[in-house]
Amino acid sequence: MTLTAKDVAEITKLLEESSFDELDLEIDGVKLSLRRGGGSKPTAPTAPTARTAPASPPTGVAAHSSPARVPATSLDPNVHDVPAPLLGTFYRAPKPGAPPFVEIGSTVQAETVVGIIEVMKLMNTVRAGVSGRVTEILARDGVLVEYGETLMRVGTA
Amino acid sequence: MAAIRRILVANRGEIAARIIRTCRALGIETVLAASVADRDSLPARLADRTICIGPARPAESYLKIDTIVQAALGVAAHAIHPGYGFLSERAGLARLCEEQGVIFIGPTAAQIEAVGDKLRARAEAEAASVPVVPGGAVDTAEAAKSLARRLGVPLLVKAVGGGGGRGMKRVDRLEDLPHALELASSEAGAAFGDARVYLERFVTRGRHVEVQVIGDGAGRVIHLGERDCSVQRRYQKLIEETPAPGLAESVRRRIREAGVRFAERLAYRGAGTVEFLVDVERDAFYFLEMNARIQVEHPVTEAVTGVDLVGEQIAIAEGAGLRLSQRGVRLRGCAIECRINAEDPARDFQPAPGRVTEVSWPAGAGIRVDTHIESGSSIPPFYDSLMAKIIAHGPDRPAALARLREAVAAARVVGVATNLPFHAQALADTEFQAGGVDTGFVARLLARENVRHG
């Protein structure tokens with residue numbers, strides 16, 4: 001069997017509702033590591049993983065796929081920035097091809113998962129941190145985001 | 001041979017700026033991995049790009065191996081330069097780089113492990129016919145007692161996983177040994193995650209002399225002379241110079257050869273330093289440890305050899321091997337370095353972080369200043385207090401010393417306390433001017449100054 005996007009979403013939800021902070025699951029050589037709160041701990045990279053990381057070997061050509069620079073923080077008090085809780089590769093969906101966690105216009109709660117940040121094959125969930133409606137998505141899928149970089153904005157009005 | 005076109009600089013402060021400068025000269029792009037506290041630093045402005053890797057606390061940024069490697073992969077860097085401190089001697093980073101196909105600019109993970117374990121390094125030294133301080137491992141209290149009786153007092157209890165003076169206890173009376181063993185072991189366990197300790201004879205009057213080596217990783221090693229780093233306060237080096245003054249030529253030659261032999265035994269790759277303790281009373285020298293990284297004090301060696309050590313590190317990492325032969329290394333004149341720290345000599349050298357409102361560094365013939373501090377720079381409390389290194393080079397020691405004294409007097413820092421007054425005193429001291437001081441010099445100097453100032 002393989003893990004589907006729906007499975008991962010389901011497992012993520014189960015972890016969220018549980019009293020645990022992290023989950024390591026291995027099914028038929030597919031390893032899934034989930035951690036609450038965007039923290040990360042050093043772990044040996046394990047392959048294969050539930051998603052194929054775009055960790056292509058460095059080539060001079062694949063240069064500067066630099067993330068969109070962090071636009072100035074919105075001055076509107078009703079608009080909240082959702083910052084990257086750590087540096088890593090940002091994913092909008094639980095798996096390539098799966099529907100994104102959120103789209104512009106999606107309603108979110110503070111605890112709603114809005115993306116994943118991968119650090120050396122370890123998946124860290126990103127939460128909205130505030131309730132409201134997603135007004136802007138700045139970070140691109142599969143691209144390196146810096147610590148503190150604004151991933152998206154949520155209107156709270 | 002893999003050409004390195006882009007380097008992730010995984011460090012901060014003056015060494016980050018120094019690495020970036022060589023990369024620029026070589027036409028290599030740099031990406032600085034910076035914490036939140038260093039986003040507006042001078043290195044961040046010098047680098048082609050800066051990425052923020054985490055909060056100010058080192059444990060959440062500069063010490064995160066996974067984050068550093070992910071950052072290198074994310075920006076498509078070919079190599080990581082770890083600088084000194086932080087992750088520079090963590091085998092875990094070298095290993096993850098090896099696994100991920102990122103070049104680690106430094107030795108192999110196995111070499112880092114070999115020298116990181118002090119007992120293993122001692123064994124390697126003995127195997128390379130390099131003298132070690134009389135002493136050894138102790139498994140039981142009984143074994144410790146009998147070894148201590150043979151060595152005599154004073155002696156040192158040292159942590160196998162320690163370094164830089166941490167996890168070290170001096171024993172002056174044999175009856176104090178059990179307590180010192182217990183204390184050192186529990187401290188070592190807490191600080192290094194390794195409670196093993198060993199005993200060494202304490203050399204009453206010792207000089208710290210180290211040999212700069214570079215190796216191609218295939219067994220060829222050359223040295224670039226030695227450095228004397230005996231001006232230390234609590235094992236923190238303050239003034240370093242090359243060549244080591246007043247060393248008997250036979251001792252100088254044998255130390256250099258021993259450093260090369262040790263690195264050869266490991267088939268060492270890259271730049272490294274083999275540290276020795278010179279026993280002044282016995283005219284003998286002993287292996288202390290090897291530092292598997294670029295050292296803070298490397299500029300004095302660069303001054304007298306004309307070799308860019310960071311450039312050689314990069315060339316070796318690319319697979320170019322050694323571009324120099326031993327005979328091609330010429331040592332010209334003398335170079336002395338002062339480490340300018342943001343710490344207050346009047347308050348027992350307490351670190352003095354803060355904002356530098358105004359700074360002016362010296363310049364002139366034979367003067368080099370490696371720094372990341374400009375007017376307006378902040379010195380965050382999270383990191384070490386090194387602000388700058390002032391290096392003077394001259395045709396001989398008196399000339400280098402005269403230039404350095406002038407340069408130290410000309411340096412001006414407003415906003416934070418610095419140890420500049422200490423350096424002015426040390427350089428003016430007759431004992432230092434005579435050359436060849438032992439590691440007790442700073443304590444003696446401070447005692448003399450206290451007497452003078454009442």
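The values are calculated or read from the model by the stated rules, or taken from the named source; none is laboratory data. Here the structure is a predicted model, which means the values were calculated and not measured. Because the Cβ atoms are built from the backbone with ideal geometry, glycine has one as well, and the counts that use them run over all protein chains shown. Side chains are part of the model used for accessible areas, which takes the heavy atoms of the whole protein and leaves out ligands, DNA and RNA. Shrake-Rupley method; radii C 1.70, N 1.55, O 1.52, S 1.80 Å.
Ordering A:147, A:117, A:97 by the projection of their Cα atoms onto the charge dipole of segment A:79-155, which places +1 on the Cβ of Lys and Arg and -1 on the Cβ of Asp and Glu, puts A:97 at the extreme positive end. Taking amide hydrogens as placed 1.01 Å from N in the peptide plane, the amide H of residue B:354 sits under 5 Å from those of B:379, each at least 5 positions away in sequence or on another chain.
Compared with its chain on its own, segment A:83-122 contains the following residues whose accessible area drops by 50 Å² or more in the full protein assembly (probe 1.4 Å; ligands, DNA and RNA excluded): A:87, A:120. Contact with the other protein chains removes 30 Å² or more of accessible area, compared with the isolated chain and a 1.4 Å probe, from these residues of segment A:136-157: A:144, A:146, A:147. Per residue, segment B:134-201 exposes 52 Å² of solvent-accessible protein surface, assessed with a 1.4 angstrom probe and all protein chains in place. Note that segment B:134-201 carries a Kirkwood radius of 11.4 Å, evaluated over its alpha carbons pair by pair.
Close amide H pairs (under 5 Å, H built 1.01 Å from N) link residue B:35 with B:53, residues at least 5 positions away or on another chain. Probing with 1.4 Å while keeping every protein chain in the model, the per residue accessible area of segment B:300-454 equals 44 Å².
Inter-part distance, segment B:167-235 to segment B:291-357, computed on C-alpha centroids, equals 21 Å.
Mind checking the alpha-carbon convex hull of chain B and giving the volume per residue in Å³?
Numbers: hull volume 64.3 nm³, N = 454.
Value for chain B: 142 Å³ per residue.
State which entries of B:169/B:389; B:169/B:237; B:64/B:389; B:118/B:169 exceed 24 angstrom in Cα-Cα distance in the structure shown. Distance filter (> 24 Å) returns B:169/B:389; B:64/B:389. Only beta bridges with both residues in chain B are counted; by DSSP, about 80 percent of them are antiparallel. What is the spin-label model distance, in nm, from residue A:133 to residue B:3 if the labels are put 7 Å beyond Cα along the C-beta direction? Each label point lies 7 Å from its Cα, and together they span 5.4 nm. The fraction of accessible area contributed by carbon and sulfur in segment B:268-377 is 44 percent, rounded to a whole number (1.4 Å probe; ligands and nucleic acids excluded). Taking amide H atoms as placed 1.01 Å from N in the peptide plane, the amide H of residue B:202 lies under 5 Å from those of B:155, B:156, each 5 or more residues away in sequence or on another chain. Atom-type composition of the exposed protein surface of segment B:6-105 places 48 percent of the accessible area on carbon and sulfur (1.4 angstrom probe). The spread of Cα positions in segment B:296-454, taken along each principal axis and listed from longest to shortest, comes to 55, 37, 28 Å.
Computed with a 1.4 angstrom probe on protein heavy atoms, the B-A interface buries about 2100 square angstrom of accessible area in total.
What whole-number distance in Å separates the alpha-carbon centres of segment B:398-447 and segment B:1-65? Here the answer is 31 Å between Cα centres.
Rolling a 1.4 Å probe across the protein heavy atoms gives segment B:6-105 an accessible surface of 28 Å² per residue.
Based on the inverse mean of 1/r over its pairs of different Cα atoms, what is the Kirkwood hydrodynamic radius of segment A:79-155, in Å?
Working: mean 1/r = 0.0833 Å⁻¹.
After inverting the pairwise mean of 1/r, the radius is 12.0 Å.
For the segment B:72-81, counting C-beta atoms of other chains within 10 Å of every residue's C-beta and taking the mean gives 5. Spread over its residues, the convex hull of the C-alpha atoms of the protein assembly as shown is 182 Å³ per residue.
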